[in-house]
Structure formats: structure tokens, C-alpha cells
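Note sheet for the following structure.
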Amino acid sequence: MSDNLHQLRCFGCGVRISGAEAQPDFRCALCGDLFEVEYPGWGQRGGHDRPNPGALKWLWRERRCSSEALDHSGVWRFRELLPILDSFGNAVTLREGNTPLYHLTRASKALGIDQLFAKHQGMNPSGSFKDTGMTAAMSVAKERGFEWVACASTGNTSAAMAAYAARAGLRSLVLIPEGKIAWGKLSQAMDYGAVTCQLKADFDGCLRLLTQIVKEAPIYLLNSVNPYRLEGQKTPAFEIAEAFDWNVPDHLIVPGGNLGNSSALGKGFRELHELGLVARMPRISVIQAAGANPLVRSFANNHGATLEPVEAHTRATAIRIGNPASWRKAARVIQATGGWCLDVSEAEIAIAKAELGAEGLGCEPASAVTLAGLKKLRVRGAVAPGETVVLLLTGHTLKDADYTIDFHRGTLLKEDETAGLEAEIACLQRNAVAVDPTPAAVLAALKGRVA
Ligand code: F0G
């Protein structure tokens, strides 16, 4: 029997098609909008395809002790809620997911929010949240017999895609903006064997070009316009709900770039709610960098009804995106859950990243926008002390070591960016010091620190 129980529904005009009918660019032939995966059998209460909440909770917990490779994946462990393959035997997995949820002891004290946590998606096999989406969409590519897969990327998607393509035995093509991606990520794409093209274009230009290419050649597009990516990326919502014993946190805060991830997490929580696994949805807020904030502007201008692309500039290169593909889906998630959409400055991002680092939880600059955003929300009184808040950290700190070193050396930010924040920044900087190779010199350096 086929495990495949899904169809695709256009987010814009609502037309429904089978998975096999999707166009190479995953845009609706009628209105040009993106698709969402849906499972018709879930709608019928008492229908034989509708998952049973109690049985699922039990099964998913049991799988944690299983010796089956598929059960070790934090994505496929929940496979009843992503029946997108003809056979789960085709799943391409690197044991992604099952990432840690850390209590933020220092930040919770500083902000007066006792129940403050970080879900660290940087602890995935290729070091970012993209792995959860890539395992799902790469499995579809393999099952459908593609030989080539491709993505445009600010770095993490390409690293994840190259790794999963290598595992699946497929060839991969990466389009990246020249000089605008962190070395850690570029090195991964090379190491995993992708054909890596650096273009004199930004991310939005790379994605536009790739959209044309996949219409001319049998190459499977693996950007988050591909709705199967979002099916994998919704599973951290299941992990978070499970970690809180199926009582969802009050508030989830997510960075926003191309806006696939916020859309996916919103879908994940919505499905849990609709299926009766949780009693409510968390508020979902999206934070962007001030220099790459098209969704923030959209909310300020017309409550998320239309979006004007911007020319994006931020050192958080992962979210340097001016024309986000999934903005309509993300806007819907924010509106439906009562979340906020706001932006943070370059200095606020750098400070928040160093604060997370000081807790022993390194992350990428793009991930640190979540803490920077929470600090702003707290000042506005939008988050109460008694709330349970989860920050989604999207990438590993080693992805962009240059950024971290520049911050601690004091060469990251310009004077006008740090105005008024000099003391706060100085407290966080831990530059390496040159000392003579003697005990006395090292102990003297220690004394300097204590002072
Ligand atoms: N955080 C990190 C570390 C990212 O790499 C990205 C996106 C985001 C946040 C934003 O997520 O796009 O779903 O809103 N990186 C993409 C890439 C665009 O190509 O790796 P989003």
C-alpha cells in the first residue's frame, strides 16, 4: 500500500492538484502563488485516514527507543503527519531533528521571563534547520527519479542540499551570491560535491535565475518554494509540543528571511491543533534584520496585505533577502496566531549573539535576531514575565566564525552603529590576548580579566 496520502493546494486561489502535476518552479499555473501540502483524509472525523492523537503520542515516544534508522530521524519519527512518499523506504536521512531545547538561564534572568528556552536547530547534521526540510524534499526528488537537484541559497540551504544529495546519490547545483555567504557554508557545499556557481547577483537574483533554469532542464528545485521542504520544517513544532508534554509554549520567535520556516512552523502547530494533539496555537512572531525587513514594512504599511521588495543589506547574511518567496504564508501565520513582526539593528543582533554565546549556546547572527527581537518585545510590554517563550536558533555558530571573531576584536560594527551601546558591547567582547609563554604572563592575563 502507498504511504502517499497528500495533494497540493494553492495558497492563493485554492486550486488543488496532485503532487505529480506541480510545475518545475512550484508556482500555480492559474495565479502564480505557492502550494501547500494537504492531507484530505484528515478532514473526515472518524475517517480511517484521520490520525488518532493518543495513539500517535504513544507511537512517537516509543520510536525514540527503536533501532530502525527512520525512527532515529526527528523528522520521520513523525511520519504519520507527513505522508508525502509512495514508500517511506525512499526516505533520505542523516538522522536530522531531535534537536535540543535549552533553558536560557542568563537571558531569562535578565529579561525577567522564567520560562525562556532556545530550540537549537543548528544542532542538525549540516548545522542548520534546513536539514529537516531537505530530508523531506530530497526524498521526494529521489522517489520521482530526478538525477539533478538545485537551489539558490544564502548558504545553509546549499550546505544541506549538497549533503542530502550526496547521501541520495544525486548531483546538485548551487547558485550563491558571490562574496555574500559565510565561508563555513561555502566549504560545505564544496565538500559534499555540489556544482557551486557564484553569481554577481543577490539571493533574490539567484532564485529568479534558477526558476528559469528548472523550466528548461530536468532539475528538481529544492528552495522553500518547494512545499515538501516545509513539510519537513514543520516537525520542530511537533518536537517543541512534545517537549512541553503537548502543552504548547505561549510564544515562538523565529528569524525571517525567505519566510519558509515561519510558514512551516505555523503549519506544524496548526495541524497539531486541528488534529487535537494540542489545545491551542502558540503566538508566532517573526524577526528580520532592519536592513532586510520587507515583511516588517509590509505589516507597517498595510497589515501584511502586500509586500514591496527591498534591496537587502545585513551582516546576518543568511537572512539577506529582499523579496521573500513565502511572505504571504508567513503573514497569515503571524495574523492567525496574534504574533508580531519587527526588525532589529546590526548592533542589536551582534549583542544578542554574544549574549547567547556567553550562555554556552553559540549560533549564527541570523538566529540571534530572535533574542534581540524578544528584548524589544519585552520593553514594549508585549511579552509578560509569566509566559513560556521559545526562541528558534536556526544555525550553528561555526557557520560564520568570521562574524564572531570580528565582533570580539571590535572590527565588526561601525561607530555610528554602536553609538550609545559601547559599554554594553565592551562587556561582551572577549578578544584573544597575546601573552608570553610563561605561567606568570598567563596568570597576569587572568588577573587583568578578573579586574
Ligand atoms: N536563519 C538561518 C541560519 C538561515 O540560513 C535562514 C535562511 C533563515 C534563518 C531564514 O529562514 O528563509 O525560512 O525565513 N536561509 C536560506 C538559505 C535562505 O539559503 O540558506 P527562512
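The values are calculated or read from the model by the stated rules, or taken from the named source; none is laboratory data. Since we're looking at a predicted model, the values are computed, not measured. Heads up, the Cβs are rebuilt from the backbone with ideal geometry, glycines too, and the neighbour counts pull from every protein chain shown. Protein only, heavy atoms only, side chains kept; ligands, DNA and RNA dropped before computing areas. Shrake-Rupley method; radii C 1.70, N 1.55, O 1.52, S 1.80 Å.
The residue that is nearest to the ligand (Cβ to nearest atom), among those in region 326-358 that are outside any helix (DSSP H, G or I) and open to solvent by less than 20 Å² (accessible area, probe 1.4 Å), is Ser326. Per the listing Ile287, Ile219, Ile240, the residue uniquely modelled with pLDDT of 95 or more, of a type in the set (A, V, I, L, M, F, W, C) and within 13 Å of the ligand (Cβ to nearest atom) is Ile287. Would it be correct to say that Cys28 is surrounded by fewer than 17 Cβ atoms within 10 Å (Cβ to Cβ) and more than 20 Å from Leu81 (Cα to Cα)? Considered against the rule, which asks whether it is surrounded by fewer than 17 Cβ atoms within 10 Å (Cβ to Cβ) and more than 20 Å from Leu81 (Cα to Cα), Cys28 comes out as no.
Residues that are surrounded by fewer than 21 Cβ atoms within 10 Å (Cβ to Cβ), of a type outside the set (S, T, N, Q) and more than 12 Å from the ligand (Cβ to nearest atom) do not occur anywhere in region 362-374. Considering only residues in region 127-148 that are within 21 Å of Leu82 (Cα to Cα) and hydrophobic (A, V, I, L, M, F, W, C), the one that is most open to solvent (accessible area, probe 1.4 Å) turns out to be Phe146. Is there a residue in region 230-252 that is among the β-branched types (Val, Ile, Thr), out of contact with any His (no Cβ under 9 Å at 6 or more places or on another chain) and assigned to a strand (DSSP E or B)? Checking region 230-252: not a single residue is among the β-branched types (Val, Ile, Thr), out of contact with any His (no Cβ under 9 Å at 6 or more places or on another chain) and assigned to a strand (DSSP E or B). Scanning region 423-446 for residues that are more than 16 Å from Ile405 (Cβ to Cβ) and open to solvent by less than 90 Å² (accessible area, probe 1.4 Å) yields Ala423, Glu424, Ala426, Val435, Thr438, Ala440, Ala441, Val442, Ala444, Ala445. The condition of being away from the ligand (no atom under 16 Å from the Cβ), open to solvent by less than 30 Å² (accessible area, probe 1.4 Å) and over 21 Å from Ala91 (Cα atoms) holds for only one of Val195, Val254, Val248, that being Val248. Checking Leu56, Leu70, Leu101, Leu111 one by one, the residue that is modelled with pLDDT of 95 or more and either over 30 Å from Glu387 (Cα atoms) or surrounded by 21 or more Cβ atoms within 10 Å (Cβ to Cβ) (or both) is Leu70 and no other.
Of note, Ala201 satisfies the criterion of being open to solvent by 10 Å² or more (accessible area, probe 1.4 Å), away from the ligand (no atom under 13 Å from the Cβ), farther than 29 Å from Leu101 by Cβ and touching an Asp or Glu at 6+ places or on another chain (Cβ under 9 Å). The residue that is nearest to Phe26 (Cα to Cα), among those in region 226-239 that are within 14 Å of the chain's Cα centre (by Cα) and not charged (D, E, K, R), is Leu230.
When Gly133, Gly89 are checked against the criterion of being touching a Gly at 6+ places or on another chain (Cβ under 7 Å) and either among the small types (Gly, Ala, Ser) or free of Cβ contacts under 8 Å to residues at least 12 places away in the same chain (or both), a single residue qualifies: Gly133. Within region 81-96, none of the residues are assigned to a strand (DSSP E or B) and not charged (D, E, K, R). Filter region 290-306 down to residues that are assigned to a loop (DSSP other than H, G, I, E, B) and among the small types (Gly, Ala, Ser) and give me whichever is nearest to the ligand (Cβ to nearest atom). Among those residues, the one meeting the criterion is Ala292. Annotation note: Cβ proximity below 8 Å between a residue of region 256-284 that is on the phi > 0 side of the Ramachandran plot and touching a residue at least 40 places away in the same chain (Cβ under 8 Å) and a residue that is of a type in the set (D, E, K, R) and outside any strand (DSSP E or B) (sequence gap 6+ or interchain) occurs for Leu259/Lys329. Once region 226-255 is narrowed to residues that are without any contact (Cβ under 8 Å) to a residue 40 or more places away in the chain and in contact with a helix residue (DSSP H, G or I) (Cβ under 6 Å, 6 or more places away or on another chain), the residue that is farthest from Trp42 (Cα to Cα) is Val248. The residues in region 258-268 that are open to solvent by 10 Å² or more (accessible area, probe 1.4 Å) and either in a loop (DSSP other than H, G, I, E, B) or more than 8 Å from the ligand (Cβ to nearest atom) (or both) can be counted, and the count is 1.
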